[in-house]
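Worksheet for the structure shown next.
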Amino acid sequence: MSPNYVQQVMYAAHSFLQAYYRKGSAYLALGKFSDAKDAFFRVAKARPQDRDARSKLAQCNKIIKQQKFKSALDSGNRFTATAPSTSWRSVDLPSEYSGPKWDDDEPCDAQFMKAVMQHFKSQKMLPRRYVMRLLMECKALLRGESTLVDAALPQQSDEEDAAERYFNICGDTHGQYYDLLHIFELNGLPSVENPYLFNGDFVDRGSFGVENVLVLLGWKLALPNAMHLNRGNHETINMNKMYGFDGEVRHKLDEACMGLFTQVFQSLPLVHVVDDKVMVVHGGLPSTDEADLASIKRIDRFKEPPEGSLFADLLWTDPQPFQGRGPSKRGQGKSFGPDITHRFLERNGLQLLVRSHEVRDDGYLVEHDGKCVTVFSAPNYCDSMGNKGGIVRLDRNCQPTYVQFTEVAHPPVRPMQYSDNLMSLIGLM
Amino acid sequence: MCTANALLKASLKCPLIAGNRAFAHVKLENFGSAIADADEAIRLDADYLKVRSISHVEGFQIPLYRCLVA
């Protein structure tokens with residue numbers, strides 16, 4: 001028996017277990033804890049001395065136990081329509097607070113939002129009273145919107161050589177609040193003449209998610225018809241836990257506010273159709289041919305997206321360069337090819353699909369013969385990708401033009417500062 | 001391009017390469033692809049071990065593969 005032979009067998013055994021270990025890490029990141037447990041169990045059993053595998057196995061068991069306990073307490077994560085037990089009115093303004101004032105009988109207006117943006121810029125937080133009021137009012141407003149919102153282009157000016165007015169679509173901003181301010185500096189503040197649509201993923205990763213999402217929600221309250229928001233895959237409980245928003249809210253505010261944020265996220269619309277021509281959604285097209293705009297309208301969206309549903313597809317899918325549908329690199333839904341995009345647009349009488357969800361070097365990318373545009377608005381994503389940010393502007397004929405921008409400096413709080421320790425366990429931060 | 005694709009396809013018949021690509025996919029947060037590559041590495045290694053580890057090696061009277069999946 002050659003020693004070479006023994007060695008080869010040992011290598012194969014090692015590689016075999018290593019593959020299980022990697023599979024376990026991937027399932028862990030996807031939040032599929034019992035699949036992850038099975039994989040780590042295999043490794044830990046064959047290599048009892050492997051402390052890393054043992055600790056991951058223990059972590060999985062702990063989470064599964066917690067989940068069982070929690071689901072016994074509340075069946076499902078659907079929130080009840082009743083108002084939270086404490087109203088914002090019962091939360092006092094701290095006496096030393098000297099930031100922007102929001103009187104009880106005043107609505108949230110553009111003036112107030114400009115002051116809030118400055119306040120946040122100097123790294124000050126709003127008092128809990130204002131945050132809770134803003135979130136509660138936003139929830140009520142968003143719940144009144146349809147799952148699929150029809151948005152209008154801005155009215156063009158009557159004056160002759162007036163500048164063209166655009167409908168602006170921004171992609172993921174991911175808690176990069178200082179880059180959001182930069183977008184408004186470059187491209188103008190939201191107004192009836194300059195409407196915006198932010199296409200999901202306002203929070204997580206970047207460590208200024210609270211500021212970022214509060215400013216967007218505040219503008220939504222101030223200008224309901226000139227500020228549009230779509231839900232992204234990061235406006236969900238599980239993603240917020242893993243990728244930092246949950247920790248950030250607990251650090252900057254408190255747990256009750258996190259509950260309110262979740263309720264607001266569960267109220268966000270999923271799709272906007274601009275001028276009956278351009279469909280805007282965070283992820284992409286459904287994984288089946290049967291789904292159309294009518295079935296999207298019928299989605300019950302006031303909950304977490306169920307796995308494998310049309311709801312989840314809209315938040316999670318990606319385009320692919322090959323025809324037809326293919327397996328998703330993320331392990332959620334299916335990727336859609338150029339023929340799928342063409343067919344979906346044609347059947348629903350649309351011209352163009354605009355989606356976000358994936359980082360693009362130039363901030364945007366036109367694919368599928370010009371029918372599918374990806375826009376991503378977090379420049380130098382996670383302080384490390386070196387990409388540009390992008391904005392899609394639709395003119396009066398719904399034709400897209402593109403704006404690019406680079407990142408600006410932010411205070412020295414690194415991305416993923418508040419993320420779950422699971423992420424460091426997998427080695428993703 | 002064709003040669004590169006063919007090479008890539010062939011190299012993925014090697015469990016070590018499939019397994020390493022699974023690792024890269026985890027780092028890129030392509031968890032679906034990571035699971036697919038890991039499964040491929042597991043399948044290839046298992047095939048190899050099933051044939052190779054039966055008996056003859058001294059100290060491995062019990063087939064190694066059966067130990068690993070027990």
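The values are calculated or read from the model by the stated rules, or taken from the named source; none is laboratory data. If you're wondering where the values come from, they're calculated on a predicted model, not measured in any experiment. Because the Cβ atoms are built from the backbone with ideal geometry, glycine has one as well, and the counts that use them run over all protein chains shown. With ligands, DNA and RNA removed, areas are computed over all heavy atoms of the protein, side chains included. Shrake-Rupley method; radii C 1.70, N 1.55, O 1.52, S 1.80 Å.
Here A:Lys101 and A:Asp361 are evaluated by their C-beta separation; at R0 = 35 Å the FRET efficiency comes out at 0.20.
Applying the Karplus relation 6.51 cos²θ - 1.76 cosθ + 1.60 with θ = phi - 60° to the range A:92-108 yields 3J(HN,Hα) values of 7, 6, x, 5, 7, 5, 10, x, x, 9, 10, 5, 4, 9, 8, x, 7 Hz, where x marks Gly and Pro.
Contact order for the range A:54-205, expressed relative to its length and based on alpha carbon pairs under 8 Å spaced 6+ residues apart, stands at 17 percent. So for the range A:90-405: antiparallel DSSP bridges make up what percent, rounded to the nearest 5? Beta bridges within the range A:90-405, antiparallel portion: roughly 55 percent. Computed from protein heavy atoms with a 1.4 Å probe, the total accessible area buried between B and A is close to 2700 Å². Once you place label points 7 Å from the Cα toward the Cβ at A:Ser34 and A:Ala58, how far apart are they in nm? Inter-label distance under the simple model: 2.4 nm. Between A:Ser295 and A:Ala163, the modelled labels are 4.3 nm apart [label points 7 Å from Cα along Cα→Cβ]. From the alpha carbon centroid of the range A:322-370 to that of the range A:7-45 is 33 Å.
Mean partner shielding of peptide A:329-335, defined as the number of other chain Cβ atoms within 10 Å of each residue Cβ, is 4. Around the Cα centre of chain A, unit charges on the Cβ atoms of Lys, Arg, Asp and Glu (plus for the first two, minus for the last two) sum to a dipole of about 2460 debye. Peptide A:4-10 has a mean shielding of 3, counted as Cβ atoms of other protein chains within 10 Å of each residue's Cβ. The length gained on full extension between A:Phe69 and A:Asp339, counted as 0.36 nm times the residue separation minus their Cα-Cα distance, comes to 92.6 nm. Solvent-accessible surface of chain A, averaged per residue with a 1.4 angstrom probe and all protein chains in place: 43 square angstrom. Counting only other residues whose beta carbon sits under 15 Å from that of A:Cys398, what net charge do I get with K and R as +1, D and E as -1? My count for the surroundings of A:Cys398 gives 0. Using the Cα gyration tensor of the range A:130-248, with a ≥ b ≥ c the square roots of its eigenvalues, what is the shape: rounded (a/c below 1.5), prolate (a/b larger than b/c) or oblate (neither)? Verdict is prolate for the range A:130-248. If the segment from A:Ser309 to A:Gln156 were pulled out straight at 0.36 nm per residue, it would be longer than the present Cα-Cα gap by 51.1 nm.
For the peptides A:183-196, A:372-385, residues were scored by their other Cβ atoms within 10 Å and the scores averaged per peptide; the highest-first order is A:372-385, A:183-196.
Ellipticity at 222 nm from helices only: DSSP H runs of n ≥ 4 in the protein assembly as shown, each -39500 (n - 2.57), divided by the residue count, give -14000 deg cm²/dmol. In whole Å, what is the distance between the alpha-carbon centres of the range A:106-177 and the range A:221-248? About 13 Å separates the Cα centre of the range A:106-177 from the one of the range A:221-248.
Fully extending the segment from A:Lys121 to A:Asn4 would add 35.7 nm, taking 0.36 nm per residue of separation and subtracting the current Cα-Cα distance. Electrostatic bookkeeping for A:Pro100 treats Lys and Arg as +1 and Asp and Glu as -1; over the other residues with beta carbon under 14 Å from its beta carbon, the sum is +2.
Inter-label distance, A:Asn238 to B:Leu12: 2.5 nm, where each label sits 7 Å from its Cα along the C-beta direction.
Other protein chain C-beta atoms within 10 Å of residue C-beta, averaged over A:42-50: 2. For the range A:3-74, the relative contact order is 24 percent, taking Cα pairs closer than 8 Å that sit 6 or more residues apart in sequence and dividing their mean separation by the residue count. The relative contact order of chain A, computed from alpha carbon pairs under 8 Å that lie at least 6 residues apart in sequence, is 15 percent.
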